[in-house]
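The values are calculated or read from the model by the stated rules, or taken from the named source; none is laboratory data. What you see is a predicted model; the values in this text were computed from it and never measured. When we count neighbours, we look across all protein chains shown, and the Cβ atoms used for this are built from the backbone with ideal geometry, even at glycine.
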């Protein structure tokens, strides 16, 4: 968002009954004082997210699901609120939990208000180069991996998150879900790959002991962390698919966007982690192991699993385009198909590394 856009506050914020919401905030919180100026924030999985500024100039963020019919468990404001409330007192940086409204009569859906963070997400290489000096990128990478390690070191029961999800068989449940997605997408996509089935069988038959379940973010990356002006992670955001599960699966996902000098292919030049100055993926994995004491000898299993899962996700998207369920205008269908193949290539490479040990 540009400075010019930020000056244009929204008189009719989508999805919010301004008078009712401001009345609720006034009666249920003591951190901010209405009336507010409202400024639309982009990103956040299509949730309706606004920066609000009160009469004293204090800023906060308000968030609710998109309007219309939603899939079950999608855009789960209660889950996000539970996470930031429970993690607030811990070493994991999250926005301040200000207020949560479970009364849909106020504005048509649950919503919550959280503190404003001085930081920004990094979606691509351009954002990194604009926001993070090259000599600070190692520091940022270390902060990134340390925050994830600290999250995975917390006992969910001790911080009130023991009921966040099932504690058993996280990878097995993920395999079942995404294999079902792959098989149901084959016909509309008019595309199958035998490796999708072979790799699923490998992951199912060679599953490591997953140990104690921890809080897993599920979509941890620079796009869901706010980098502060000090080149440290100022906050982790977008917790709506967080659950309890295997921390090494979460780690492998978090390392997906990081390249390493040992990789056979060059890094994606558009990735936020591609500019010079960052350590490689293996160095970050080593730092995570040192901070948590976890054995990473099976990390390639989880890297392979995550690449396979990415292939299944993209395959489902591709199927919807091919079935005419989404407009293909401006969409690089061949590029999507190539991404499915590349993800399966990367999954197979991880399995090959694992089995050659």
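Observations
- Members of region 289-313 found to be surrounded by fewer than 22 Cβ atoms within 10 Å (Cβ to Cβ) and in a helix (DSSP H, G or I), listed by number: 289, 290, 291, 292, 300, 310, 313
- The residues of region 317-331 that are surrounded by fewer than 19 Cβ atoms within 10 Å (Cβ to Cβ) and either assigned to a helix (DSSP H, G or I) or outside the structural domain of residue 194 (by TED's automatic domain parsing) (or both), listed by number, are 317, 320, 321.
For every residue, the table says whether it meets (1) under 22 Å from the mean Cα position of the chain (by Cα); (2) assigned by TED's automatic domain parsing to the domain that holds residue 287; (3) under 26 Å from residue 78 (Cα atoms).
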| residue | (1), (2), (3) |
| --- | --- |
| 152 | yes, yes, yes |
| 157 | no, yes, yes |
| 169 | yes, yes, yes |
| 173 | yes, yes, yes |
| 194 | no, yes, no |
| 198 | no, yes, no |
| 201 | no, yes, no |
| 210 | yes, yes, no |
| 214 | yes, yes, yes |
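- Region 163-206 - residue that is part of a loop (DSSP other than H, G, I, E, B) and free of Cβ contacts under 8 Å to residues at least 24 places away in the same chain and, of those, farthest from residue 308 (Cα to Cα): 163
- Any hit, region 190-213, residues being out of contact with any helix residue (DSSP H, G or I) (no Cβ under 6 Å at 6 or more places or on another chain) and within 27 Å of residue 112 (Cβ to Cβ): yes
- For residue 257, the criteria (1) under 21 Å from the mean Cα position of the chain (by Cα); (2) closer than 21 Å to residue 147 by Cβ; (3) in contact (Cβ under 8 Å) with a residue 40 or more places away in the chain hold in every case but one, which is (3).
- Answer from 107, 128 - the residue that is closer than 21 Å to residue 22 by Cα and either touching a strand residue (DSSP E or B) at 6+ places or on another chain (Cβ under 7 Å) or buried (at least 19 other Cβ atoms within 10 Å of the Cβ) (or both): 107
- In region 84-113, residue nearest to residue 241 (Cα to Cα) [restricted to those that are part of a strand (DSSP E or B) and in contact with a helix residue (DSSP H, G or I) (Cβ under 6 Å, 6 or more places away or on another chain)]: 112
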